[in-house]
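The values are calculated or read from the model by the stated rules, or taken from the named source; none is laboratory data. What you see is a predicted model; the values in this text were computed from it and never measured. Methodologically, a virtual Cβ is constructed for each residue, glycine included, from the backbone with ideal geometry; neighbour enumeration extends over all protein chains shown. With ligands, DNA and RNA removed, areas are computed over all heavy atoms of the protein, side chains included. Shrake-Rupley method; radii C 1.70, N 1.55, O 1.52, S 1.80 Å.
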Amino acid sequence: MSLWQGEYAPDSGIQGPIQPYVLVRPVDLPRFGDAVTYMEVRDRTREGRVLRQRLYVFNTASDRTLNSIKAYDFWGEAGAPYAGAYDVPTKLNDLDPQTMYTFPEGCEIEWRVANAAFFGEVSHTKCHIPSRTRGKTVSVDMILGITRDAFTQWEVGYDGSGNLEFGDPAAAPIRSNRVSPENP
């Protein structure tokens, strides 16, 4: 959890319309749990348009069989009042897990360690999301990667027939390079 914290700027080699500037920090939101992280993804720069905002709640149960996190999503304009919470985390104090969108069971991000890196994964065989934009269920594959130097993300979605809905299964993960140390 602590390695993930910090700021990441788009890698200079990124091609395409999405060039994520990623801000990640721990936040104190006891209603969600005792290990909560806020992530804000902006377009290209720290001041760019907000592309995604999420709360990630780490499973800290002593009897857990793996390390996982549950995601809470800020959908559309609902996230606007919370933009900039990386710098002012008290903006998040009024959030309630009962009123936020959370992904269905099976969509928890499961973490593993490999070669001094952490990888969080979601599998389309378990994660089936009623799409808020496509009007149908989408099954998702996602891999997040965290190292001392970078944060990477790769995501694809399929419809109920296995047809690709978004993403490119053959694409390399989108890389953002660390520009500030962990633990803001």
Could you list all residues from the range 1-32 that are at positive phi and out of contact with any Pro (no Cβ under 8 Å at 6 or more places or on another chain)? G16
Among the residues of the range 106-160, write down those that are out of contact with any strand residue (DSSP E or B) (no Cβ under 8 Å at 6 or more places or on another chain) and open to solvent by less than 50 Å² (accessible area, probe 1.4 Å). A114
Collect the residues in the range 148-165 that are under 26 Å from E7 (Cα atoms) and not in a loop (DSSP other than H, G, I, E, B), keeping them in residue-number order. A150, F151, T152, Q153, W154, E155, V156
Of those in the range 87-105 that are out of contact with any Asp or Glu (no Cβ under 6 Å at 6 or more places or on another chain) and closer than 26 Å to Y158 by Cβ, the residue surrounded by the most Cβ atoms within 10 Å (Cβ to Cβ) is F103
The range 142-167 - residue that is touching a Phe, Trp or Tyr at 6+ places or on another chain (Cβ under 9 Å) and of a type in the set (D, E, K, R) and, of those, modelled with the highest pLDDT: E155
I need a count of the residues in the range 33-57 that are open to solvent by 20 Å² or more (accessible area, probe 1.4 Å) and more than 12 Å from the chain's Cα centre (by Cα). 10
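Residues to consider are G6, G13; find the one that is farther than 24 Å from P130 by Cα and surrounded by 16 or more Cβ atoms within 10 Å (Cβ to Cβ). It would help to see each step written out before you state the result.
On the way: G13 fails: surrounded by 16 or more Cβ atoms within 10 Å (Cβ to Cβ).
Result: G6 is the single residue among G6, G13 that is farther than 24 Å from P130 by Cα and surrounded by 16 or more Cβ atoms within 10 Å (Cβ to Cβ).
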Provide a single number: the residues in the range 82-127 that are farther than 22 Å from N67 by Cα, charged (D, E, K, R) and free of Cβ contacts under 8 Å to residues at least 40 places away in the same chain. 3
Residues that are among the β-branched types (V, I, T), touching a residue at least 60 places away in the same chain (Cβ under 8 Å), open to solvent by 40 Å² or more (accessible area, probe 1.4 Å) and out of contact with any helix residue (DSSP H, G or I) (no Cβ under 9 Å at 6 or more places or on another chain): does the range 168-179 have at least one? yes
